[in-house]
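Written out below as structure tokens is the structure these notes cover.
Derivation of every value follows stated rules applied to the coordinates shown; laboratory data play no part. All of these numbers come straight from a predicted model, not from anything done at the bench. As a convention, Cβ positions derive from the backbone with ideal geometry for all residues, glycine included, and neighbour counts pool all protein chains shown.
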Amino acid sequence: MAVAAIMTIGSISFVSCNKENNDDVSRNHSGSMEKTDVVLPRNANNPYDTIGALHNILLDECRGKMQSYYMANGSWSIAASDSIATVILADHGFYVPGYNLNFITSLFADSASYYIDYAVALGATNAEKENITNIVTTIKDLVFANEPYSQIKERIVNEEALVLSNQGLTNDEKFVILSTTSVLRHSLYYWLTYDGFDTGMSLSAKEDNPPQNSNSGRGWRIALADVGGALAGVLTGASTGATIGTAVGNPVAGAAVGAAVGAIGGAVKSSCDKATEEANNNQPQQPQGE
């Protein structure tokens, strides 16, 4: 897929979401006799929502490639996952040379702090730390209480509105926080739908309404790693040389290119690698070719 194509896909999904005016909508699903409330992850009021949306689009490709790898090799490999994610990002014009497997491994080692301590070491401000910690801990409670995605999304959107209206935050701080919450909102939608790379072992079309998930912990762990990757990426994008191909302009208007690309790259690589780790821990290795 060319870089222009992925931006077209993103634009199409954004147009569709904008038509819904960011509200819950009732639709008839094929084969269903009843209307179902559809909740999409998009928040049009977040100026950096492209980051979370692109994360999900690119993650779909990572998921397919990793499932193919498993079927061919009979094992889940984080090293292979990391390489696959790197190639997919580059194929779509996102170059993140600083985010190698060692970078992601170091990030994952800070899971106990929700990756916040790692972000502080990378330069996160006190305001960024406090806001993201508050939002993450609040959403964790909702996830583990098995609240529906509609309520999880609503709470994140409300927190984003508070960030947008907070005059005590700089524009750079709002960018860091809102980029991270965009990934959290989109990632939870994705992982509460799919659960993991090894679930189903097929690439069926994603439902617009994620089903209630009985394995919230697994989806949460992957989504939280996505948040850590986005946060680390946005903080270090420029210093690690994150760039975007000339075929596409900055995916986030008004934001530093390195930081925006870093957030996307960090989220995608963390997501792909963490989902592979979860699959490896969850499923016995099968003999090659079976």
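Take each peptide in 170-182, 220-232, count the other Cβ atoms within 10 Å of every residue, and average; sorted highest first, the result is 220-232, 170-182. Which of rounded, prolate or oblate describes the stretch 65-139 when judged by the alpha-carbon gyration tensor and an a/c cut-off of 1.5? Note, shape of the stretch 65-139 comes out prolate.
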